[in-house]
1. For the range 62-83, check the following and say yes or no: at least one residue is open to solvent by less than 50 Å² (accessible area, probe 1.4 Å), in contact with a Phe, Trp or Tyr (Cβ under 9 Å, 6 or more places away or on another chain) and farther than 22 Å from Val44 by Cα.
2. How many of the residues in the range 35-57 are under 10 Å from Ala82 (Cα atoms) and open to solvent by less than 40 Å² (accessible area, probe 1.4 Å)?
3. Residue by residue through the range 90-110, note down the ones that are without any contact (Cβ under 8 Å) to a residue 40 or more places away in the chain and open to solvent by less than 80 Å² (accessible area, probe 1.4 Å).
4. Quick check, is Met47 under 12 Å from the mean Cα position of the chain (by Cα) and at pLDDT 85 or above?
Amino acid sequence: MTDDDQKQRMAQLEAKIDAAKKAKKPETRADADYSGGELAWRMVIEMVSGLGIGFGIGYGLDSLLGTIPIFLVLFTLLGLVAGVKVMLRSAQEAQAKQTAADAAEKDERD
């Protein structure tokens, strides 16, 4: 065998391997990253953790300083705001991924 024959056979073999890999490759789904339930639980956890951290800081400051529960109310509200903000950011991230996946799917069809 000559060197050119070996190179040609290697190129053919690589082409066959690539074709076999593409045939076995499953289609990517638009919701492969998160399902609706996983996204919902993520948002619930973000909201509750924001509230819990705010409540804990406020209660700790009120206990430490011996004040009426002004810090408890203040930091609980701040925790609520932070939780909503993070939750909305997660929703925007999921929506952006869905929009990008829909656009890619539309481009593939066209």
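The values are calculated or read from the model by the stated rules, or taken from the named source; none is laboratory data. Bear in mind that the values here come from a model prediction, so they are computed numbers and not experimental data. Neighbour counts run over all protein chains shown; Cβ positions are idealised from the backbone, glycine included. Just the protein is used for accessible areas: all its heavy atoms, side chains included, with ligands, DNA and RNA removed. Shrake-Rupley method; radii C 1.70, N 1.55, O 1.52, S 1.80 Å.
1. There is at least one residue in the range 62-83 that is open to solvent by less than 50 Å² (accessible area, probe 1.4 Å), in contact with a Phe, Trp or Tyr (Cβ under 9 Å, 6 or more places away or on another chain) and farther than 22 Å from Val44 by Cα.
2. Count: 4.
3. Correct list: Glu93, Ala96, Ala100, Ala103, Ala104.
4. Numbers: under 12 Å from the mean Cα position of the chain (by Cα): no; at pLDDT 85 or above: yes.
Here the answer is no, as Met47 does not meet what is asked.
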